[in-house]
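Below is one structure; the comments refer to it alone.
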Amino acid sequence: MLLKSIFLFATKSHLKTKFKCNATNRNISTIGFIGLGAMGSHMAKNMIKKFKKVSVYDINETASLNLGKEGAIVAKQVDDLIDSDCIISMIATNEQVLHTYQSPGGLISKVRPGTLLIDCSTVDPQVPQQLSKDAQLNNVIFVDAPVSGGVLAAASGQLTFMVGGSVEGATRCEPVLRCMGKNVIHCGPSGSGQVAKICNNLLLGISMIATAESMNLGIRLGLDPKLLASVINSSTGRCWSSDTYNPVPGVLEGVPSSNNYQGGFLSRLIVKDLMIAQSIAKRAEASTSLGDQALAIYKKVCEQGKADLDFSVVYKFIQGLKDK
Ligand code: NAD
């Protein structure tokens, strides 16, 4: 019922992209950016190109100092960001997001009234639902705006943002998000950006395993990996995992599989997202049996010591399975 109403709202309030990257006309001139990992470091760099004052904070000081070299103001603690007109976060888990924002200790109770808070991390939809209520009580705006596109799209400013929040929140955050992405889609009220993101990553997690299985089978039967990929990519099996992020080393340049699976979207993060998918599916009484199997496979990948490698390393895991 809840999801049904979220999607009805999404259909009605879906905002077509209206704004270019120009947030100053919406009284936003100073930015605080939290979380400078694989994604956040690129996103913050794109903000530095557009705004004169971008302050950055990461619990990993080296990550902050690297952005300092790009022109950001390096914050020593998260509270140094509280005077920013808009604060964006790209951290990882439910706990990290709640810890950062939730009152009384978090940013929501410390920033000025009217401050725009945008969380781009992928978390359980219940997290932004809880935080937006907290924000309302404190007279600030909180939106969830998880992203799709991966590290390459983060670097090139081509991300897709899935926004959950009030129409006012979505309208205010759009010109800011346009500085880092090409698509900004208002999915509905708070949490619905996360619902859309988790549905996408449920499909992504499954399709990466399917691509890895299919590539492994063809290669084992003697096909050249590049040739097999080009056949799939001009046939009905084509998907993002096969044509943009192929898991077989050497098929594509500039992707993690061709760089020993370094960087990218870590296996532990797809496990996080598939766990969220299973938990929201349970709440919605929706069947996600392939998601359940995919989660079990990525958990095994992590147990093999590959938690901090890109999730396309599932290809290596499947390559090692001989019996089926
Ligand atoms: P990451 O682990 O590379 O980066 C997270 C960063 O946040 C780290 O630098 C960490 O030190 C920092 N951090 C953690 N807690 C913090 C805190 N309390 N305060 C300040 N900094 C803190 O992760 P990532 O790959 O950049 O992903 C970030 C989020 O985006 C995750 O929720 C992930 O699921 C999602 N996402 C990732 C990708 C991808 O391709 N990597 C794509 C889409 C969405």
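Please rank Leu274, Leu98, fewest neighbouring Cβ atoms within 10 Å first, as an exposure proxy. Can you show the working numbers first?
On the way: Leu274 26, Leu98 15.
With the fewest neighbours first, Leu274, Leu98 line up as Leu98, Leu274.
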Point to revise | Of Tyr245, Ser156, Pro175, farthest towards positive along the dipole that unit charges on Lys, Arg, Asp, Glu beta carbons give the chain | key: Pro175
**Study point:** Of the DSSP H helices in the chain, those whose Cα atoms cover at least 27 Å axially and whose Kyte score averages 1.6 or more
**Key:** none
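Based on Cα coordinates alone, diagonalise the gyration tensor for the chain, multiply each eigenvalue by 5, take square roots, and list the semi-axes in whole Å, largest first. Please report the intermediate quantities before stating the final value.
Values: eigenvalues 237, 96, 65 Å².
They are 34, 22, 18 Å, listed largest first.
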Check your understanding: Which percent, to the nearest 5, of DSSP beta bridges fully inside the chain are antiparallel?
Key -> 15
**Study point:** Values of log10 I(q)/I(0), in the order q = 0.15, 0.19, 0.20 Å⁻¹, for segment 51-182 under a Debye, Cα-only, solvent-free model
**Key:** -0.70, -1.19, -1.32
Review point. In bins 10 Å wide, starting from 0, what share of all Cα pairs of segment 144-279 does each bin hold, as a percent?
Key: 12, 35, 33, 16, 4, 0
Practice item. Give, rounded to the nearest 20 debye, the magnitude of the charge dipole that segment 201-324 has about its Cα centre when Lys and Arg contribute +1 at Cβ and Asp and Glu contribute -1 at Cβ. Key: 240
Review point. Past the 18 Å Cα-Cα mark, which pairs from Lys300/Lys322; Lys45/Lys306; Lys50/Lys197; Lys110/Lys133; Lys197/Lys272?
Key: Lys45/Lys306; Lys50/Lys197
Exercise for review: Per DSSP H run of n ≥ 4, the term is -39500 (n - 2.57); total these for the chain, divide by its residue number, and report the mean residue ellipticity at 222 nm rounded to 500 deg cm²/dmol.
Suggested key: -14000 deg cm²/dmol
Check your understanding: Under unit Cβ charges (Lys, Arg +1; Asp, Glu -1), what dipole magnitude, rounded to 20 debye, does segment 87-236 have relative to its Cα centre?
Key -> 260
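What area, in nm² and to one decimal, does the C-alpha convex hull of segment 200-324 cast on average over all directions?
7.7
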Exercise for review: Take the Cα coordinates of segment 241-294, assign each an equal point scatterer, and use the Debye formula without solvent to give log10 I(q)/I(0) at q = 0.13, 0.30 Å⁻¹.
Suggested key: -0.45, -1.07
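Computed from the coordinates by the stated procedures, all read-outs in this text should not be read as laboratory data. Computed from a predicted model, the values in this text were never measured in an experiment. With ideal geometry, Cβ positions are generated from the backbone for all residues, glycine too; neighbour counts draw on all protein chains shown.
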